[in-house]
Amino acid sequence: MKDNNDILILGIESSCDETAASVVKNGRYVMSNIISSQIAIHTEYGGVVPEIASRKHIENIDYVIDEAVKGAGVTFDDIDAIAVTYGPGLVGALLVGVSEAKALAYALNKPLVGVNHIEGHICANYIHDINFEPPYVALVVSGGHSHLLYVKDYDSFEILGRTRDDAAGEAYDKVARSIGMGYPGGPKIDAAAQKGNAEAIEFPRVFLEENSFDFSFSGLKSAVLNYLNKMKMTNNEINPYDVAASFQKAVIEVLTQKTIAAAKFKGVKKVAMAGGVSSNSALRKEMKRLCDENEFSLNVPAPVFCTDNAAMIASAGYYEYIKGARSGLDLNANPNLKLGER
């Protein structure tokens, strides 16, 4: 139910291959969270096919939104504003969500708030812990993004580092494909690594220049591919579990050590993670160990809020809404949207 002082945001997310809608109260309380996943469809092709993703969004979006509103036990009249991801992401997929949100905003005479997808991932932390608040250092790692951020306030971010080539999740997908595990790579590598020896193969850790908070995973990906090719050329048996474990350890060492260094650099005692890769069990364990070692607190959303979802978009939309941000009906998809841009 809604009290007079409550603000309900309907969030819509369609930046990649999940069609999602959610109703969130006051930026932190999830009243409904509906996700229609396309993983089974895209697995057949070894990755997301943008045209197929867009068509499935069109088929699913009305149903998903209706279920979100019904699931929250409210009506469209109770909704205060509509928040939608307008970038970054796949342009066709984004356009479906943006078009739907604009149509609803116009028909219902509700405010429209465009949300940056990366900002949404960060705000998933406020859903996980209703008392969590800035400032803190956040590691955002997903299939398309690897960012280290100093979160000054709910809508104020300082980018400390970002990927210079492959995002961490992208590297996971490519390595999983190369050792025959298929798509999606992240969960498959995570599971396989638990059966392997992380010390079996010495893959490179790329830390870049001294004091750099940027990431680079293309060299590590190439090192894995070169190892596999060399083993095949010399007729040596490949243990995919050892490859997965050794690769994952190399990624996690870089992600965790740079995050801890960034927190020390900014003088904060709070660390947060976000994005699909932050649901990785080994990453969570190692980040927790290092945070405990340095007397930092660690906030990581539940896995369902790490992967793409609309609750995080509604939460981000709430903080934009209460500061007065509004989008016009000329809002367009921006597949290359940068954090901090409007």
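The values are calculated or read from the model by the stated rules, or taken from the named source; none is laboratory data. Computed from a predicted model, the values in this text were never measured in an experiment. Please note: Cβ atoms are built from the backbone with ideal geometry, for glycine as well, and neighbour counts cover all protein chains shown.
Testing Tyr154 on (1) over 24 Å from Asn211 (Cα atoms); (2) surrounded by 21 or more Cβ atoms within 10 Å (Cβ to Cβ); (3) among the hydroxyl-bearing types (Ser, Thr, Tyr), one condition comes back false. Which one is that?
(2)
Please determine whether any residue of segment 67-81 is at pLDDT below 95 and either surrounded by fewer than 16 Cβ atoms within 10 Å (Cβ to Cβ) or touching a Lys or Arg at 6+ places or on another chain (Cβ under 9 Å) (or both).
No, that holds for no residue.
Please work out if Thr43 is surrounded by fewer than 17 Cβ atoms within 10 Å (Cβ to Cβ) and not assigned by TED's automatic domain parsing to the domain that holds Val175.
Answer is yes for this residue.
Of all the residues that make up segment 280-329, how many are within 14 Å of the chain's Cα centre (by Cα), assigned to a helix (DSSP H, G or I) and surrounded by fewer than 23 Cβ atoms within 10 Å (Cβ to Cβ)?
Total satisfying the criteria: 2.
Name the residues in segment 310-328 that are in the same structural domain as Met31 (by TED's automatic domain parsing) and among the polar types (S, T, N, Q), would you?
Listed by number, the list holds a single entry, Ser315.
Which of the residues spanning segment 129-143 are outside any strand (DSSP E or B), in contact (Cβ under 8 Å) with a residue 24 or more places away in the chain and crowded, with 18+ Cβ neighbours inside 10 Å?
Ser142, Gly143
Only one of Ala53, Ala21 is crowded, with 21+ Cβ neighbours inside 10 Å, assigned by TED's automatic domain parsing to the domain that holds Tyr106 and over 26 Å from Asn125 (Cα atoms). Can you tell me which?
Among Ala53, Ala21, only Ala53 is crowded, with 21+ Cβ neighbours inside 10 Å, assigned by TED's automatic domain parsing to the domain that holds Tyr106 and over 26 Å from Asn125 (Cα atoms).
Counting only residues that are touching a helix residue (DSSP H, G or I) at 6+ places or on another chain (Cβ under 7 Å) and surrounded by 21 or more Cβ atoms within 10 Å (Cβ to Cβ), how many does segment 167-178 have?
7
Please indicate, with yes or no, whether at least one residue in segment 268-275 is assigned to a helix (DSSP H, G or I) and either crowded, with 19+ Cβ neighbours inside 10 Å or in contact (Cβ under 8 Å) with a residue 60 or more places away in the chain (or both).
no
Tell me, please, whether a residue that is aliphatic (A, V, I, L, M) and under 14 Å from the mean Cα position of the chain (by Cα) can be found in segment 151-172.
Yes, some residue in segment 151-172 is aliphatic (A, V, I, L, M) and under 14 Å from the mean Cα position of the chain (by Cα).
For Val243, which of the numbered conditions (1) at pLDDT 90 or above; (2) surrounded by 22 or more Cβ atoms within 10 Å (Cβ to Cβ); (3) within 22 Å of the chain's Cα centre (by Cα) fails to hold?
All conditions are met except number (3).
Kindly check whether there is at least one residue in segment 215-234 that is touching a helix residue (DSSP H, G or I) at 6+ places or on another chain (Cβ under 9 Å), surrounded by 20 or more Cβ atoms within 10 Å (Cβ to Cβ) and not hydrophobic (A, V, I, L, M, F, W, C).
For segment 215-234, residues touching a helix residue (DSSP H, G or I) at 6+ places or on another chain (Cβ under 9 Å), surrounded by 20 or more Cβ atoms within 10 Å (Cβ to Cβ) and not hydrophobic (A, V, I, L, M, F, W, C): present.
Kindly indicate whether Phe157 is at pLDDT below 95 and assigned to a loop (DSSP other than H, G, I, E, B).
No; evaluated as a whole, the condition is false for this residue.
Can you tell me which residue is nearest to Ile130 (Cα to Cα) among those in segment 11-51 that are at pLDDT below 90 and among the β-branched types (Val, Ile, Thr)?
Ile39
On the basis of being part of a helix (DSSP H, G or I) and either touching a helix residue (DSSP H, G or I) at 6+ places or on another chain (Cβ under 7 Å) or of a type outside the set (Gly, Ala, Ser) (or both), does Leu208 make the cut?
no
From Arg289, Arg284, grab the single residue that is closer than 23 Å to Ala167 by Cα, of a type in the set (Lys, Arg), modelled with pLDDT of 95 or more and assigned by TED's automatic domain parsing to the domain that holds Ala192.
Arg284
Residue by residue through segment 100-128, note down the ones that are crowded, with 17+ Cβ neighbours inside 10 Å, closer than 20 Å to Asn60 by Cβ, out of contact with any Pro (no Cβ under 9 Å at 6 or more places or on another chain) and of a type in the set (A, V, I, L, M, F, W, C).
Those that are crowded, with 17+ Cβ neighbours inside 10 Å, closer than 20 Å to Asn60 by Cβ, out of contact with any Pro (no Cβ under 9 Å at 6 or more places or on another chain) and of a type in the set (A, V, I, L, M, F, W, C): Ala101, Leu104, Val115.
Quick one: would you say Ile260 is hydrophobic (A, V, I, L, M, F, W, C), modelled with pLDDT of 95 or more and surrounded by fewer than 21 Cβ atoms within 10 Å (Cβ to Cβ)?
Yes: the conditions hold for Ile260.
List pairs: first in segment 294-318 and touching a residue at least 60 places away in the same chain (Cβ under 8 Å) and closer than 30 Å to Lys264 by Cβ, second among the hydroxyl-bearing types (Ser, Thr, Tyr) and outside any helix (DSSP H, G or I), Cβ under 8 Å, 6+ apart or cross-chain?
Listed pairs, sorted by first residue: Asn299/Tyr136.
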